[in-house]
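No value in this document is a laboratory result; all are computed from the given coordinates. Note that the structure is a prediction, hence the values are computed from the model and not measured. Positions of Cβ are backbone-derived with ideal geometry, glycine not excepted, and every protein chain shown enters the neighbour counts.
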Amino acid sequence: MSKAIKNQKKILNKLDIEQLNAMQEAAQFAIHSNSEIVLLSPTGTGKTLAFLLPIIAELDPDCAEVQVLILVPSRELAIQIEQVTREMGAGYKTNAVYGGRAFSKDKIELKHRPAILIGTPGRIAAHLRRETISTDHIKTLVLDEFDKSLEVGFEEEMSEIVAALPEVNKKILTSATQSVDIPEFVGLQDPTYIDYLDEGIDQLKVKMILSPSKDKLETLVDALCHLGNQPGIIFCNFKDSIQRVSDFLTENKIAHGCFFGGMEQQDRERALIKFRNGTHQLIIATDLAARGIDIPELKFIIHYHLPPRSQEFTHRNGRTARMNNEGTAYILKWTLENLPDFIQNPEIEEIQPASLPAPSIWKTLFISGGRKDKISKGDIAGLFFKQGNLNKDELGVIELKQDCAFVAVHASKVDQLVRAVDNSRLKKKKVRVTVI
């Protein structure tokens, strides 16, 4: 068995993945064999792993400079790819840089050069202008969700970055959209296309729930009661609408998180963490959550507002019925509202009267220590079991970050647990444990 295959098996074991899916296998072969690749696959099918595995296999362990640059449209996607790369445990330093955090923090992290640098185009362009990183050894460029980066106005920065990378000999573009023009500045000559966009479409059901009132808030609550306790996203077109919907759900004692562009980065991250660990079963979001964020498989999404274009409709729907799982996209429609042309005769779902979804059994705790303090998930679990007297079934998902951690704990045990473990030592660090 070759060293590369052994390393890959080790990585997949760490990620608890038995085998790659067909798209990932095809992408891996194409990336190893070609210099220009366009990878098209629906949201949530594992594109990140599909390009990271072959990229890591081709890194030079003796090079002390940045070798791979990954450009992404959002902070969330930058953080997500950084997290996946670290969880792979391949032994190469990785850093993510993005707007909304101090430039000085970037400079400290980049003093010891990462092999893989991930970032939003605006922040990466700023680093190149200030010459905080060298481009002499960057051989691979990934434009992840490149069409979204163009859509949100990064074309100028992306063009500037591509022009500043003289040594690039491999370009990988990914998207979850079919009809996208690749801009000239990318400089593709004869790309190899890996297209898996039609996979899994048959599993998606699109249904319509009729609302007697234009406001639709009461119908939304009825729909959530009808759908019961399962994870889903409610999509709105505007952040003001999210606030109205959130207030109404709160009045009706339906727990949820919110996710939109105007939120503080920390609040956005925590909303996703609580969603991933089951503290919240629902998120109310703008199209920012339609792709490029790390959330689990969803049973449904609800279009509280319909998006203006078919592309956004497709991306929102791509959050459910992924990878051969079934899922439903519900359109919440006022009876006098006209549907756009891109939606054809959806089946009407009759809502059955039902009680409110039961509150989640989980709450989320924040721990003020993380990976850089040499703290592991096992250390946290050990503290909670021994000192906190927690049973195994009362401990949920643990998410370990660089400087902190988040832990889902059975709601009935939270107060006593915090009293027992707050201000305890984990490795050499005294940590605060608080409910968020």
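Modelled spin-label separation between ARG425 and SER368, with each label point placed 7 Å from Cα along the Cα-to-Cβ direction: 1.7 nm.
Protection proxy ranking, highest mean first, for peptides 427-434, 44-51: 44-51, 427-434, where packing is the per-residue count of other beta-carbon atoms within 10 Å, averaged.
The shape of the stretch 201-348 comes out rounded: with a ≥ b ≥ c from the C-alpha gyration tensor, a/c is under 1.5.
First check a/c for the chain, with a ≥ b ≥ c the square roots of the eigenvalues of its C-alpha gyration tensor; if it is under 1.5, answer rounded, and if not, answer prolate when a/b is larger than b/c or oblate otherwise.
Values: a/c = 1.78, a/b = 1.16, b/c = 1.54.
Oblate, because a/c is 1.5 or more while a/b does not exceed b/c.
State the extension gain, in nm to one decimal, for the chain segment bounded by ASN169 and GLU25, taking 0.36 nm per residue of separation less the distance between their alpha-carbons.
Between ASN169 and GLU25, full extension yields an extra 49.7 nm.
Once both labels are positioned 7 Å from their Cα atoms along Cα-to-Cβ, the gap between LYS386 and SER134 label points is 4.6 nm.
The simple spin-label model puts a point 7 Å past each Cα toward its Cβ; for ASN7 and ILE108 those points are separated by 3.1 nm.
Among 72-78, 60-66, 298-304, what's the highest-first ranking by average C-beta atoms within 10 angstrom per residue? Spell out each step's value before the answer.
On the way: 72-78: 24.6, 60-66: 12.3, 298-304: 22.6.
So the peptides 72-78, 60-66, 298-304, ranked by packing, come out 72-78, 298-304, 60-66.
For the peptides 113-121, 187-195, the ranking by mean Cβ contacts within 10 Å, running from highest to lowest, is 113-121, 187-195.
Under 1.5 on a/c is rounded, so check that first for the stretch 4-91, then, if it is not, pick prolate when a/b is larger than b/c and oblate when it is not; a ≥ b ≥ c are the square roots of the alpha carbon gyration tensor eigenvalues. Because its axes are fairly even, with a/c under 1.5, the stretch 4-91 counts as rounded. The Cα atoms of the stretch 362-435 define a convex hull whose projected area, averaged across directions, is 3.9 nm². Of all DSSP beta bridges located in the chain, what percent are antiparallel, nearest 5? Percent antiparallel among DSSP bridges in the chain is about 25.
Taking the Cα centre of the chain as the origin, how large is its charge dipole in debye, to the nearest 20, when only Lys and Arg (+1) and Asp and Glu (-1) carry charge on their Cβ atoms?
On the way: 55 positive and 58 negative charges, 513 e Å.
Dipole about the Cα centre, nearest 20: 2460 debye.
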